[in-house]
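Values in this text are rule-based calculations from the coordinates and carry no lab data. Source: prediction; values computed, not measured. So basically every Cβ, Gly included, is an ideal-geometry build from the backbone, and we count neighbours across all protein chains shown.
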Amino acid sequence: MRVVDALTLSPKRRALLKPGEFHADPNGNRHRLPRFFYEIETWAEAKQIKLTAHFFLSELMSVDCREARAIFRQAPQYIPCAVSVLARYLEEFRARVDAPVCVSVNGGYRSPAHARNLNRATPHQWAAAADIYRVGENWLDSQKTIERYAKIAESIGPEVHVKPFGHGAGENDDHLHIDLGYLTLIPGNCNEDEPPNP
């Protein structure tokens, strides 16, 4: 996959992706948005790119109508490089549950311009979070099921965060949210110096 420095993209794309800008989470902690993205020329290409043995790129970048039109209706599309790390954690989760893992539409990457993300940072904007609605034949729509799989996800390592079951802010009652925090991946061949003006 081709890596691009989003600071070199058109002003319109930069306004939507906000590369390198700070964004505050619900607790007021500020996090710098990703700067380096994979460039995906077509949806057909995304459906062919296998990030791991069981996860295709398209599963982690499928969005709904609340995404900014210029993000999901115009080629190429851009997704933060951390998506490849997220896929490896999902693959480990799949191995531990010994069943297929289904990520919700809109449950992977969501740009800062997505209607659910306006004015607040979430790990989804870093491509470091996934919302899982089913594991094998088990729908994640009850406290018992969500808590069962949350324990398995947390056992992967201390860097894995899951939202607890519940109906309040920061809780979920119809899926399992797994994230790796505000993870940024900068490929080794990328230069973090400021690029020349595009």
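Here are some notes:
- Ellipticity at 222 nm from helices only: DSSP H runs of n ≥ 4 in the chain, each -39500 (n - 2.57), divided by the residue count, give -6000 deg cm²/dmol.
- Tilt relative to the chain, helix 83-97 - C-alpha long axis, 0 to 90 degrees, to 10: 10 degrees
- Beta bridge orientation in the chain: antiparallel %, DSSP, nearest 5: 95 percent
- Only lysine pairs 8 or more places apart, or on different chains, with alpha-carbon atoms under 30 angstrom apart are counted in the chain, and they number 10.
- FRET efficiency estimate (nearest 0.05) - Cβ-Cβ, Q48 to E21, R0 45 angstrom: 0.90
- Between 0 and 90 degrees, the angle of helix 143-154 with respect to the longest Cα principal axis of the chain falls at about 60 degrees.
- Spin-label model, R120/D141: points 7 Å from Cα along the beta carbon direction are separated by 2.5 nm.
- Between F55, Q74, G188, the Cα set farthest toward the positive side of the dipole of the chain (charges on each charged residue's Cβ, about the Cα centre) is that of Q74.
- Amide H contacts of R120: none lie under 5 Å away among residues 5 or more positions distant or on a separate chain (H built 1.01 Å from N in the peptide plane; Pro and chain starts excluded).
- Calculated log₁₀ intensity ratio I(q)/I(0) where the Debye formula runs over C-alpha points of the chain, q = 0.12, 0.14, 0.17 Å⁻¹: -0.57, -0.78, -1.16
- Karplus-based coupling profile of the range 132-140, in residue order and whole Hz: 9, 9, 8, 10, x, 8, 9, 7, 8, with θ = phi - 60° in 6.51 cos²θ - 1.76 cosθ + 1.60 and x standing for Gly or Pro.
- Relative contact order of the chain, defined on C-alpha pairs under 8 angstrom at six or more residues apart (%): 21 percent
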